[in-house]
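Following: one structure in structure tokens, then a few remarks.
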Amino acid sequence: MNKLTIRARLTLVYAAFFLVGGVVLLGVTTLLVSQQVPSAVSGKHILSSTPSGPPMDEGRQMLSERIRTATTTSLISQGAIGLLLVGAASVGFGWLVAGRALQPLHRVTETARRLAVGAGRGLHERIVMNGPQDEVRDLADAFNLMVEQLDAAFDGQRRLVANASHELRTPLAMNRTLVELAVSRPGASEDCIQLGTSLQTVNERHERLIDGLLTLADSEHGITERTPVDLADIAGHVCDQRGVPCDGAAAAVTRGDPILLERLVQNLVENAVEHNVPSGLVSVTTRTIGEDAVLTVANSGPVVPHYEIESLFQPFRRLNRERTGGGRGFGLGLSIVRSIARGHGGSVTAVPRHGGGLVVTVRLPGPGTASPREAV
């Protein structure tokens with residue numbers, strides 16, 4: 001019973017109530033008819049026969065019993081057949097009524113599923129319920145209130161990251177200018193030049209961190225304008241810049257923001273190069289599966305346990321769930337990749353490569369497939 005859907009359970013409840021009511025009605029009707037048959041037979045013989053006496057009373061009684069038994073048997077058998085036929089019809093009618101009653105809940109479920117696909121990016125949809133202020137209407141209102149609060153929280157978080165990133169750009173630009181002036185001035189000592197070079201390296205690192213945070217905030221804000229983009233062209237361009245061979249660059253057309261998609265490919269390739277072993281493998285392929293555009297980036301490297309993969313997609317996280325320190329990277333690469341892919345209605349999966357390293361696969365909707373956000 002617990003494995004049945006709510007619609008099936010409601011149908012069974014409707015049919016059970018109908019059958020119980022029909023059985024009770026049939027029993028009451030049979031009882032009333034059986035009580036009326038003797039009096040009806042007795043009245044008929046009284047009017048048609050004048051003699052009276054024990055033989056006549058005994059005959060009337062036997063006749064009354066036979067008529068009552070036949071009537072009761074006929075009523076029960078025919079009534080049971082009719083009850084079964086109407087009960088079967090009530091099952092179909094109950095199925096339709098249950099589906100009609102659950103239709104508002106299906107709307108709530110579909111809206112929640114669409115919002116879950118684009119959580120944090122497409123929380124602007126609301127459920128519009130017409131009709132009386134009943135329990136389903138209260139559920140829809142509570143759901144709308146929850147989504148509204150989540151939408152405000154996500155917007156506040158994105159604004160905070162974006163504003164903080166923009167505010168940090170100004171002092172970093174000033175630091176870079178001052179260091180460049182100090183290093184390039186006539187008569188600068190060797191120690192001053194060396195210190196200035198170190199400060200420029202640190203400053204550039206902070207600028208890359210700010211750029212990563214801005215990209216993360218922009219990708220989570222949602223994709224408003226989409227144009228046809230071939231991932232093969234982007235992968236070839238990025239691989240040429242990094243000096244990485246692009247294997248099997250078949251056409252893989254999707255629709256989205258070319259700048260963000262280029263950043264997605266760039267992050268994957270740079271992550272594969274930076275976390276590789278000397279003379280290791282870096283493979284970049286693009287292809288089309290069904291209507292989806294698929295990008296796969298694989299590299300050799302340290303062995304990655306399967307249970308550690310999810311932590312790699314968290315901001316500021318690296319292997320073994322360690323916070324990023326002063327080493328290479330900030331732990332934003334894969335989180336930005338996932339955010340951009342989800343913003344385009346796609347997905348990112350990563351699996352350990354045999355012998356060490358990762359195989360990261362990005363799957364994006366094709367140009368003729370509407371993203372979950374566009375389908376709303």
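Quick notes on this structure:
Conditions tested, residue by residue: (1) of a type in the set (Gly, Ala, Ser); (2) under 27 Å from Thr227 (Cβ atoms); (3) part of a loop (DSSP other than H, G, I, E, B); (4) open to solvent by 20 Å² or more (accessible area, probe 1.4 Å).
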site: Gln241; (1), (2), (3), (4): no, yes, no, yes
site: Glu262; (1), (2), (3), (4): no, yes, no, yes
site: Val273; (1), (2), (3), (4): no, no, no, yes
site: Ser279; (1), (2), (3), (4): yes, no, yes, yes
site: Val284; (1), (2), (3), (4): no, yes, no, no
site: Arg287; (1), (2), (3), (4): no, yes, no, yes
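- Selection count where residues are touching a residue at least 12 places away in the same chain (Cβ under 8 Å) and open to solvent by 70 Å² or more (accessible area, probe 1.4 Å), scope the stretch 176-196: 2
- Taking each residue of the stretch 95-109 that is more than 16 Å from Leu4 (Cβ to Cβ) and looking for partners that are aromatic (Phe, Trp, Tyr) with beta-carbon atoms closer than 8 Å, six or more apart or interchain, yields Val97/Tyr14; Val108/Phe143.
- Filtered residues of the stretch 64-92 (kept if of a type outside the set (Gly, Ala, Ser), closer than 19 Å to Val28 by Cα and touching a residue at least 60 places away in the same chain (Cβ under 8 Å)): Leu83, Val86
- Here Val229 fits the description: modelled with pLDDT of 85 or more and not in a helix (DSSP H, G or I).
- Pairs meeting the criteria (first residue in the stretch 9-29 and at pLDDT 85 or above, second residue open to solvent by 80 Å² or more (accessible area, probe 1.4 Å), beta carbons under 6 Å, at least 6 apart or on different chains) are Thr11/Trp95.
- Some residue of the stretch 330-350 being of a type in the set (S, T, N, Q), open to solvent by less than 30 Å² (accessible area, probe 1.4 Å) and either at pLDDT 70 or above or in contact with a Lys or Arg (Cβ under 7 Å, 6 or more places away or on another chain) (or both): yes
- Restricting Leu172, Leu178, Leu209, Leu160 to residues that are farther than 28 Å from Gln266 by Cα and part of a helix (DSSP H, G or I) narrows the list to Leu178.
- Taken as a whole, the structure places Gly301 among residues that are part of a loop (DSSP other than H, G, I, E, B), over 28 Å from the mean Cα position of the chain (by Cα), at pLDDT below 90 and buried (at least 18 other Cβ atoms within 10 Å of the Cβ).
- Single residue of the stretch 65-88 satisfying the filter (over 50 Å from the mean Cα position of the chain (by Cα) and among the β-branched types (Val, Ile, Thr)) that is modelled with the lowest pLDDT: Ile67
- Residue within the stretch 155-175 that is closer than 30 Å to Arg338 by Cα, exposed (fewer than 13 other Cβ atoms within 10 Å of the Cβ), β-branched (Val, Ile, Thr) and under 28 Å from the mean Cα position of the chain (by Cα) present: no
- Residues of the stretch 239-294 satisfying the condition of being in contact (Cβ under 8 Å) with a residue 60 or more places away in the chain and of a type in the set (Lys, Arg): Arg255, Arg263
- Test result for Asp211, open to solvent by less than 60 Å² (accessible area, probe 1.4 Å) and at pLDDT 90 or above: no
The values are calculated or read from the model by the stated rules, or taken from the named source; none is laboratory data. Keep in mind that this is a model prediction, so the values were computed, not measured. Neighbour counts are summed over all protein chains in view; Cβ atoms, including those assigned to glycine, are modelled from backbone coordinates with ideal geometry. Accessible surface areas use protein heavy atoms only, side chains included; no ligands, DNA or RNA. Shrake-Rupley method; radii C 1.70, N 1.55, O 1.52, S 1.80 Å.
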